[in-house]
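Below is one structure, written out as C-alpha cells; the observations come after it.
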Amino acid sequence: MKTNTAFFFCFFYIFTFSQRHLTDVLIVKENNDSLKVKVDIPMIKESSRVNIDEDSFFRKVKVVDDNGKKLYTVQPQDIKELSFSDLDGKKKIYHKEISRNRLMQLLYDGNIKLYKQFIPQMHYTAIYYLFLDYKREPIKVGLFENNEKILLRITESKPELINKIKELKGGEDAMIEILKEFEES
C-alpha cells in the first residue's frame, strides 16, 4: 500500500508542476525564410515572473504538431532569430550564438546589446551574460569581473549611475533598466 501511495504522489507531483505549453513560435532562418510553427516549451508562472526552460530548446528546436508529436528538428546554426510570447504575453527573442551551435536570449537591444547565454555544464546549465558594444563586438570581460564591474566600466561616462549599479540586486531586470537609463542621454 505504501508503494502505491508513494507512486501516486510522485506521478501527481510530476504532472501537476511541470507545465508544458505548445507555443506558437516564429523562426527566421539564416536565408530569411520564416517558419510559423509550434514548439513544446516548458514554462511556469511563479508570482510575477515566468520561468522558461530554455534547456529544452537552446541546442535544438523540436517542432511539434497540435498534439505535441515531434515533426522535425531545426538546428541553431540554421536559425537567425526565434521568437515567441511567454505566459504573460511578453515577447522573448533568441539569436544564434555566433561562436557556438546554440541559441542565446536577447534581453536588451540598444546601442549596447545584452544577451543571456546558456552554457551546458556536467550536471546543469550555467547562465552567463554577454554584452555587445555599438559595433556589435563583445565587450571584453576580465577573469574576476562580475556584472556590476562590467556595468560600471560600460557606464563610466555617466557617474550618476554608480550608486544604482553598486546597489544592483534585481538581476536581469535591474541591468536592463541601467542600460536603458545610460542610453537615454
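The values are calculated or read from the model by the stated rules, or taken from the named source; none is laboratory data. Quantities reported herein were computed from a predicted structural model and do not represent experimental measurements. Here Cβ is always computed from backbone atoms with ideal geometry, including for glycine, and neighbour counts include all displayed protein chains. In case anyone asks, the SASA skips ligands and DNA or RNA and just uses the protein heavy atoms, side chains included. Shrake-Rupley method; radii C 1.70, N 1.55, O 1.52, S 1.80 Å.
Quick notes on this one:
- Counting only protein heavy atoms and a 1.4 Å probe, the chain has 66 square angstrom of accessible area per residue.
- If R0 is 30 Å, the Cβ-Cβ spacing of Glu172 and Asn101 corresponds to a FRET efficiency of close to 0.80.
- Flagged links, alpha-carbon separation over 30 Å, of Lys38/Lys140; Lys45/Lys169; Lys140/Lys164; Lys90/Lys166; Lys140/Lys166; Lys90/Lys164: Lys38/Lys140
- Selection from Ile52, Pro76, Leu168 lying farthest towards where the dipole of the chain points positive, charges on Cβ: Pro76
- Share of carbon and sulfur in the accessible area of the chain stands at 53%, probe radius 1.4 Å.
- Taking the Cα centre of the chain as reference, the dipole from Cβ charges on Lys and Arg (+1) and Asp and Glu (-1) amounts to some 560 debye.
- About the Cα centre, charge dipole magnitude for segment 12-103 (Lys/Arg +1, Asp/Glu -1 at Cβ), debye: 120 debye
- In order along segment 58-73, the Karplus-derived 3J(HN,Hα) couplings, from 6.51 cos²θ - 1.76 cosθ + 1.60 at θ = phi - 60°, round to 6, 9, 7, 9, 9, 7, 10, 8, 5, 9, x, 7, 5, 9, 6, 10 Hz, and Gly and Pro are given as x.
- Computed helical MRE - 222 nm, the chain, DSSP H runs ≥ 4 contributing -39500 (n - 2.57), nearest 500: -7000 deg cm²/dmol
- A convex hull fitted to the Cα coordinates of segment 139-185 yields 75 cubic angstrom per residue.
- Shape call, segment 59-103: gyration tensor on alpha carbons, a/c limit 1.5: oblate
- Close amide H pairs (under 5 Å, H built 1.01 Å from N) link Asp40 with Thr23, Val64, residues at least 5 positions away or on another chain.
- Proximal charge balance of Glu54 [Cβ under 11 Å; K/R count +1, D/E count -1]: +2
- Phi-based couplings in Hz for segment 109-117 (Karplus 6.51, -1.76, 1.60; Gly and Pro marked x): 10, x, 4, 9, 9, 10, 10, 10, 9
- In terms of overall dimensions, the C-alpha atoms belonging to the chain reach 65, 47, 32 Å along their principal axes, ordered largest to smallest.
- FRET efficiency estimate (nearest 0.05) - Cβ-Cβ, Val64 to Asn111, R0 35 angstrom: 0.40
- The share of alpha-carbon pairs in segment 21-130 lying farther apart than 17 Å comes to 54%.
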